[in-house]
Every structure is written in C-alpha cells, then in structure tokens.
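To start, the structure itself, in structure tokens.
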Amino acid sequence: MTVATAYVPDGRPGPGRLREVDLDVLAVGPAELVLPEATVRDERGVTLFDDDGMVFEPAAGGGPLAPAAADRQARAFGVVNAAFHTQRALRFVSSLLNRPLPHLVVRIGMHDQPRWGGGHYRLPHPLEDGPVRAAGEVHLGGGRAFLAAPRYFHAPAHNAAIVYHEVAHHLCRHTADFRLNRLRPAHRQTNKKIALDEGTSDVVTAILLGTPDIYGWHRQRIPAWDRRRRQLAPQWTMVHFHGGPDQDPHGDGTVWASACWSARERTADPRRFDAMLLRGLELFGEEADVTVPAEQALRRRRHFSRLLSAMTRADPGLAPGVLAAMAAHGIHLGASNAELREAARARALAGMAAEGTAI
C-alpha cells in the first residue's frame with residue numbers, strides 16, 4: 001500500500017475532507033498509476049510523478065490562472081484522487097458481486113482543446129476521437145470553470161461525484177448492459193445512455209458519497225428543486241418523467257435514482273439494498289432478449305419496472321419494502337415508463353381536483 005492524499009467523502013456538499021489514504025498501486029509512470037482494478041493516466045504530456053510519493057496538494061484545482069508549479073500539483077493530485085475513488089468504487093462493487101469488473105482505464109485531460117469540464121464513459125465506436133479499449137474507458141476533462149466561495153478551478157478529477165458516476169457506467173455496462181452492447185460488433189458499441197443507466201449511476205454515486213446531494217459542490221448555484229442539480233432527496237416521481245429520444249436521460253434518470261434512494265433509506269440494512277441493486281443489475285443483464293426484434297428488446301430494457309422486477313428476484317425478502325417505496329414515486333411492476341407516467345399524472349390531477357386546486 002502507498003500513502004496518498006485524496007478527498008474523502010464526509011456527507012456534506014464540497015469535495016470532502018483532505019486526508020491521507022492507502023492506495024494499492026502496482027506501478028507508477030510519469031503521469032500514470034496502475035492499480036489492480038484500473039489504470040489512471042493524465043494525457044496532457046506533463047511528468048507528474050517522481051520519487052516523492054503520492055502526497056500532493058489540491059492547489060485549489062490549479063487551472064489557467066495558477067502558477068505552473070501549483071497547476072502541476074493540482075494535476076498530480078487529480079490523478080491520485082481519481083485513482084483512490086476509482087479503486088474504492090470498483091472494490092465496493094466487487095465485494096457485492098463477488099467478482100471484479102473488467103480492468104478500467106481512466107484518462108484525464110481529454111478533449112481539452114478547448115477546455116472541457118465534464119466526464120463520460122466510452123466504448124469503442126468508429127466515431128470516437130481515437131481508439132477506446134474494448135472493456136470501456138472513463139474520460140475526464142481538464143476543467144474549464146471556477147467555483148465560487150472560495151474560488152476553486154473545477155477539475156473533474158478532483159470531484160469524487162463525477163468519478164463515481166462514470167465508474168458506475170462501467171458497472172452498468174458489465175452487468176445490466178442496457179444497450180445490449182454484448183450483441184454488437186466489438187468495434188461498434190453504442191455510447192448512448194438511457195435514463196436507467198444515468199439514474200443507476202447517480203444512486204451508486206449517492207451511496208458512495210453518503211449523501212443524496214451528489215453534485216452539491218459544483219452545482220451549488222442550482223436550486224435543489226431544479227432537476228439539473230440532480231438532488232435525489234426531493235421526491236421526484238413519474239409525474240416528472242418525460243421520456244422520448246429528445247429528452248435528457250440524466251433528468252429522467254433522477255426519478256429512478258430518487259426512488260432507489262428512498263427505498264434504501266427505508267431499509268434497515270442499507271448494504272443489503274446495495275447488494276439487491278447490484279445483483280438486480282446482473283439478473284437484468286442475464287435476460288436474453290433474443291426472441292424479439294432488436295428495437296423492441298432495447299425499448300423493453302428502458303423500463304424502470306423491469307429492473308425493479310430483477311431486484312425483487314435478487315432479494316425477495318427485501319422486496320415488499322422496496323416495492324412500497326418505489327410505488328410512492330409512481331414506479332410499479334409490469335408497466336412501461338409511459339404507462340407509469342400517465343398513471344402518475346392522472347393520480348396527481350385527481351388529487352388536485354379533489355382538493356379544489358386549480359388545474
């Protein structure tokens with residue numbers, strides 16, 4: 001084990017507490033850490049590591065206004081911080097699935113001209129900007145904006161929420177496989193995400209952070225009632241679900257993530273819910289979908305009720321409480337997302353009419 005510095009989640013908005021942590025490192029390159037589970041690398045051509053260890057300062061994120069030495073510290077810290085959270089997430093997953101996920105590559109400073117401040121999970125496709133490993137890669141930008149009070153250059157590698165969310169897409173790909181990539185040519189995978197993928201990645205992020213306000217640090221100016229904040233604690237229901245190819249799957253995924261968070265909060269043993277969710281993803285992925293046309297199979301795999309059904313099979317004893325919590329969000333077994341949405345909106349209108357509220 002190597003002693004390193006990283007932000008450790010403390011359940012509050014912000015990056016977490018800066019602490020010394022143990023990091024299991026197999027090899028160190030000029031700007032790369034090779035872990036048993038993942039390889040984390042800064043792609044911007046600057047030597048970050050020598051013989052001085054893995055203890056670095058965040059340097060307020062570095063960025064274009066920082067001196068060169070401070071920016072180098074921030075970049076080195078970003079690799080170490082991303083490595084710590086990637087390893088933590090993958091070990092959490094493997095402990096519940098009783099198996100490791102395929103080795104993951106995390107590349108920092110991608111698509112950085114102009115600067116990019118986000119993250120995404122990528123699989124091989126001819127339109128990708130360069131080759132992508134078959135098992136999947138997480139790409140993190142170098143950052144592009146400053147956070148207020150106090151000023152901090154928002155480098156995604158410094159933000160555990162972004163790292164966890166993208167690693168959770170790796171989990172979804174190698175369990176539920178919502179887009180049936182296992183049936184596609186190896187060089188022509190799809191990177192399109194659906195609401196279930198985004199929502200599941202958000203709730204896994206909330207579990208690992210210990211807070212439903214997963215993006216409260218870098219989206220602090222967005223009110224909690226705005227879905228762009230992706231705050232899971234408000235009771236987002238199927239009334240708020242839109243659906244359709246032109247809608248943002250992140251927003252619709254918040255409905256699923258909020259329902260999962262409510263179910264977890266009602267469970268006496270939260271880790272048991274975590275295992276139920278992850279094992280449900282595996283069972284979902286094992287469903288063949290080979291007897292129906294591809295488009296119909298993909299449409300079915302968007303349904304919240306289908307993943308919920310797989311979760312109830314994963315832990316029948318926990319099912320009654322989880323089903324009750326999900327029902328409060330308008331999610332029930334045996335219905336499409338559109339049917340759940342229409343039923344939820346009909347109930348809401350009926351309730352408003354009964355109370356004499358203007359519609």
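Residue pairs whose Cβ atoms lie under 6 Å apart, sitting 6 or more positions apart in sequence or on different chains, and linking a residue in segment 100-120 that is at positive phi to a partner that is among the small types (Gly, Ala, Ser), are Gly109/Gly142.
Residues of segment 98-135 that are within 20 Å of Gly78 (Cβ to Cβ), at pLDDT 95 or above and either surrounded by fewer than 15 Cβ atoms within 10 Å (Cβ to Cβ) or among the β-branched types (Val, Ile, Thr) (or both): Val105, Val106, Ile108. Taking residues in segment 47-58 that are without any contact (Cβ under 8 Å) to a residue 24 or more places away in the chain, and partners anywhere that are assigned to a loop (DSSP other than H, G, I, E, B), the pairs with Cβ atoms closer than 7 Å and at least 6 places apart or on different chains are Thr47/Pro30; Thr47/Ala31. Please specify each residue of segment 234-284 satisfying the condition of being farther than 20 Å from Ser336 by Cβ and among the polar types (S, T, N, Q). Matches in segment 234-284: Gln235, Ser262, Thr267. Selection of segment 15-56 for residues being surrounded by fewer than 16 Cβ atoms within 10 Å (Cβ to Cβ) and on the phi > 0 side of the Ramachandran plot yields Gly45, Gly53. If you take the residues of segment 233-256 that are of a type in the set (A, V, I, L, M, F, W, C) and crowded, with 24+ Cβ neighbours inside 10 Å, which of them is nearest to Leu308 (Cα to Cα)? So, considering only residues that are of a type in the set (A, V, I, L, M, F, W, C) and crowded, with 24+ Cβ neighbours inside 10 Å, the one nearest to Leu308 (Cα to Cα) is Trp256.
Restricting Thr190, Thr175 to residues that are polar (S, T, N, Q), in a loop (DSSP other than H, G, I, E, B) and in contact with a Gly (Cβ under 7 Å, 6 or more places away or on another chain) narrows the list to Thr175. Taking segment 257-359 and the helices (runs of 4 or more DSSP H) fully enclosed by it, the elements with 3 or more residues that are under 25 Å from the mean Cα position of the chain (by Cα), among the charged types (D, E, K, R) and surrounded by 13 or more Cβ atoms within 10 Å (Cβ to Cβ) are at 270-286.
Filtered by the rule that a residue be surrounded by 15 or more Cβ atoms within 10 Å (Cβ to Cβ) and either assigned to a strand (DSSP E or B) or touching a residue at least 60 places away in the same chain (Cβ under 8 Å) (or both), segment 221-232 gives a lone residue, Gln231.
So, in segment 148-186, of the ones that are of a type in the set (Lys, Arg) and within 18 Å of the chain's Cα centre (by Cα), which residue ends up surrounded by the most Cβ atoms within 10 Å (Cβ to Cβ)? Checked segment 148-186; the qualifying residue surrounded by the most Cβ atoms within 10 Å (Cβ to Cβ) is Arg173. Within segment 1-14, which residues are in a loop (DSSP other than H, G, I, E, B) and either surrounded by 13 or more Cβ atoms within 10 Å (Cβ to Cβ) or of a type in the set (A, V, I, L, M, F, W, C) (or both)? Passing the criteria: Met1, Pro9, Asp10, Arg12, Pro13, Gly14.
Considering the conditions (1) of a type outside the set (Ser, Thr, Tyr); (2) crowded, with 16+ Cβ neighbours inside 10 Å; (3) within 17 Å of Pro64 (Cβ to Cβ), Ala145 is excluded by exactly one of them, (2).
The values are calculated or read from the model by the stated rules, or taken from the named source; none is laboratory data. None of these values were measured; they are calculated from a predicted model. Methodologically, a virtual Cβ is constructed for each residue, glycine included, from the backbone with ideal geometry; neighbour enumeration extends over all protein chains shown.
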